[in-house]
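Here's the structure, in structure tokens; my notes come after.
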Amino acid sequence: MNRTEDLLKLRPKLRRIKNELNSTLVEKFQNSTLRPILKFQHDLLMLVFHTCLIKNKILFENLSESEKESTLTQLFQKELAFRNQSLGIIIGLFTLEEYSHFAQEPGAYTKRITAMLKQRILSTYDLV
């Protein structure tokens, strides 16, 4: 049983982003690792977010777009359990090689993951 192969088989295949030759290592990591994991874990991430809203008694669907963005930013800053759980759901599906890459610049990648997750929540939560 090979953990790396098993993890990679789980991930959905996404359309390749054009100009990958000109992409930085960070952009390649985002497109080859983060985007597929976020897509694969989408339903679970939305459930974690929904649970956080219930816990904090937030009626997210009643907020304006700017209030949603502000609320989401505050949740990621103040609700460490929500933030860490969301990050763990994503990082837990890294291969060992991907985690080694992530560990070289965890702050930068955590910011990127958080931004991608916020964007995903804002674009899809009302549809759930």
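By how many degrees, 0 to 90 and rounded to 10, does the Cα axis of helix 80-91 deviate from the longest principal axis of the chain? So the helix axis and the longest Cα principal axis differ by about 30 degrees. At the listed q of 0.10, 0.12, 0.14, 0.24 Å⁻¹, the Debye profile of segment 28-127, built from one uniform point per Cα, gives log10 I(q)/I(0) equal to -0.27, -0.38, -0.52, -1.39. Going from the fewest other Cβ atoms within 10 Å to the most, the residues M116, M1 appear in the order M1, M116. Taking a sphere under 10 Å around the Cβ of R11 and counting the other residues whose Cβ falls inside, with K and R at +1 and D and E at -1, yields a net charge of +4. Here the peptides 101-108, 47-54, 8-15 are ranked by packing, the mean other Cβ count within 10 Å, and the order with the highest first is 47-54, 101-108, 8-15.
So which GluC sites (Glu not before Pro) in segment 1-106 pass both tests, a DSSP loop state and at most 16 other Cβ atoms within 10 Å of the Cβ? Qualifying residues, ordered by number: E79. Of K57/K118; K57/K78; K28/K78; K78/K118, which ones are farther than 23 Å apart at the Cα? Those over the limit are K28/K78.
Measuring nothing but how far apart in sequence close Cα pairs (under 8 Å, 6+ apart) lie, relative to its length, the chain scores a relative contact order of 31 percent.
Couplings 3J(HN,Hα) of segment 67-77, computed from phi: 5, 4, 4, 5, 4, 4, 4, 5, 4, 5, 7 Hz, in residue order, whole Hz [Karplus 6.51 cos²θ - 1.76 cosθ + 1.60, θ = phi - 60°; x for Gly and Pro].
Can you list the trypsin sites (Lys or Arg not before Pro) in segment 21-75 that are in a DSSP coil and have 13 or fewer other beta carbons within 10 angstrom? When the trypsin sites (Lys or Arg not before Pro) of segment 21-75 are filtered for loop state and at most 13 Cβ neighbours within 10 Å, K57 remain.
A helix-only calculation puts the chain at -20500 deg cm²/dmol for mean residue ellipticity at 222 nm, using -39500 (n - 2.57) for each DSSP H run of at least four residues, averaged over all residues.
Throughout, read-outs are computed from the coordinates displayed, never taken from laboratory work. Bear in mind the structure is a predicted one, so any value in this text is a computation, not a measurement. Note: ideal-geometry Cβ built from the backbone for every residue, glycine included; neighbour counts use all protein chains shown.
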